[in-house]
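The values are calculated or read from the model by the stated rules, or taken from the named source; none is laboratory data. It should be emphasised that the depicted structure is a prediction, and the values quoted were computed from it without experimental measurement. Glycine gets a Cβ as well: all are built from the backbone with ideal geometry, and neighbour counts include every protein chain shown. What goes into the accessible areas is simple: the full protein's heavy atoms, side chains included, and nothing from ligands, DNA or RNA. Shrake-Rupley method; radii C 1.70, N 1.55, O 1.52, S 1.80 Å.
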Amino acid sequence: MFDVLILGAGASGLMCAAELASCKDLKVGVIDANANVGAKIKISGGGKCNITNTEVTENNYLGDENFVSSVLNAFTKEELLEFLHENGLKPVIRKSRYYFCEKSSDEILSIFRRLTKNTQYFLDENILHVSKDADIFVVKTSRTQYQTKNLIVATGGVSYKTLNATDIGIQIAKQFGHEVTEFSPALVGLTLQKDQFWMKELSGISAEVEIDVEGKKLREEMLFAHRGISGPAVLSASLYWKKGNMFLNFLPERDINALIKNSKKNISSVLNLSKRLSKALLDALHVEDKPCNKLTKEDIDNLQLIQKYPFAPAGNFGFTKAEVSRGGVKTESLHGKSMVSKKVDGLYFIGEVTDVTGELGGYNFQWAFSSGVVCAREIKSRYNG
Ligand SMILES: Cc1cc2nc3c(=O)[nH]c(=O)nc-3n(C[C@H](O)[C@H](O)[C@H](O)COP(=O)(O)OP(=O)(O)OC[C@H]3O[C@@H](n4cnc5c(N)ncnc54)[C@H](O)[C@@H]3O)c2cc1C
């Protein structure tokens, strides 16, 4: 019989197990289908794991603002950095706001392995079903079954199925009467409608843009890809996009009218965009590349779209490419101070399986770590007290 059984040895499950490890009296087990712990951490951030961000607030997340801020404030990015420093990891800041491991994600994985060396791991084992008999949860797996007093569901989302991602967490939540938002791909590239096929010929080039989507403004790089558009700005925009248009500004913090005013230069040379992009944009807007002082009123009207280009995605690249799954267990049915279910005693949901999803930039690991710590601290307080 376990005191605590954690389903999933991903970011949230590992952090939760690491926090619980200081409570020596607790018998803790972790089950995962992968042969190694932290499969997504390992490949994340190009193998260097973008752990968190210099700016983390509830505004960087899709989810209930109060719930998100309660969890993030209970274990902040400063506390996360302190935890990492204490354990010998000094993340480096890239692009002035993203914290990464210096050399490889193994730096953070080895911390979790070390801190949880007395935790029992059951790897290469599929979780099939959960039931509750009186106060005890029974977890049936592909090998055996386990009993536990507290059950923590940390099974993540369904993107990257090759890493054994499943929707078992959603199934457990529903089975025990929780409302869920079905998973959909997020932090994912967007496909093009026919009238935006001009972007295909730009495949491989990137540009700094500002995307205005559902009232959010996201300024980052955008990458033109063969199947559509991608890159950090687009991935974060995919999180918020519901339907209809988002707007692309190819000249963030500049004013197209000021650029063309009184200039005798050709438009393409005053735009200060790459040659291929300015040419493709002008073609798409039906504006001939001519000296600015020769532009007609109609040309000038069309050029305004460089700063507000309406883009309605046809769809997205799907779960195989999505970094996260939007949706999950609705947070109304969880306590924000502990991640425990309001419906079933001893049942917790942490990490990506909850209906909270962050933008690109370390926000999803921060969520996984904060929710993992909040949950573990509540359990420890009950056992210590
Ligand atoms: C390619 C890629 C790159 C990413 N890069 C970043 C990044 O740099 N920064 C960032 O913040 N976020 C990043 N993310 C997102 C981040 O990895 C996740 O949000 C985070 O791992 C979620 O943590 P979690 O513990 O909730 O779930 P996970 O880390 O996904 O862990 C869930 C675990 O549960 C196991 N599991 C699920 N179902 C079963 C079952 N039925 N039986 C047994 N085991 C099961 C899975 O095998 C998995 O190990 C990236 C994601 C991907 C796919």
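Observations, loosely collected:
- Residue list for region 360-380, filter: more than 9 Å from the ligand (Cβ to nearest atom) and either over 23 Å from VAL4 (Cβ atoms) or not assigned by TED's automatic domain parsing to the domain that holds SER333 (or both): none
- Of the numbered criteria (1) under 21 Å from the mean Cα position of the chain (by Cα); (2) open to solvent by 30 Å² or more (accessible area, probe 1.4 Å); (3) free of Cβ contacts under 8 Å to residues at least 60 places away in the same chain, the one GLN175 fails is (1).
- Of the residues making up region 178-232, those that are more than 30 Å from SER96 (Cα to Cα) and without any contact (Cβ under 8 Å) to a residue 24 or more places away in the chain are LYS194, ASP195, PHE197.
- In region 187-198, of all residues being under 12 Å from SER230 (Cβ atoms) and crowded, with 19+ Cβ neighbours inside 10 Å, the one that is nearest to the chain's Cα centre (by Cα) corresponds to LEU187.
- Counted residues, region 313-327 - those being open to solvent by less than 60 Å² (accessible area, probe 1.4 Å), among the small types (Gly, Ala, Ser) and more than 13 Å from the chain's Cα centre (by Cα): 2
- When the residues of region 91-140 are filtered to those that are polar (S, T, N, Q) and assigned to a strand (DSSP E or B), the one that is least open to solvent (accessible area, probe 1.4 Å) is SER131.
- Residue in region 331-352 that is closer than 26 Å to GLN196 by Cα, within 16 Å of the ligand (Cβ to nearest atom) and surrounded by 24 or more Cβ atoms within 10 Å (Cβ to Cβ) present: no
- Total residues in region 13-44, condition in a helix (DSSP H, G or I) and either at pLDDT below 95 or within 17 Å of TYR348 (Cβ to Cβ) (or both): 8
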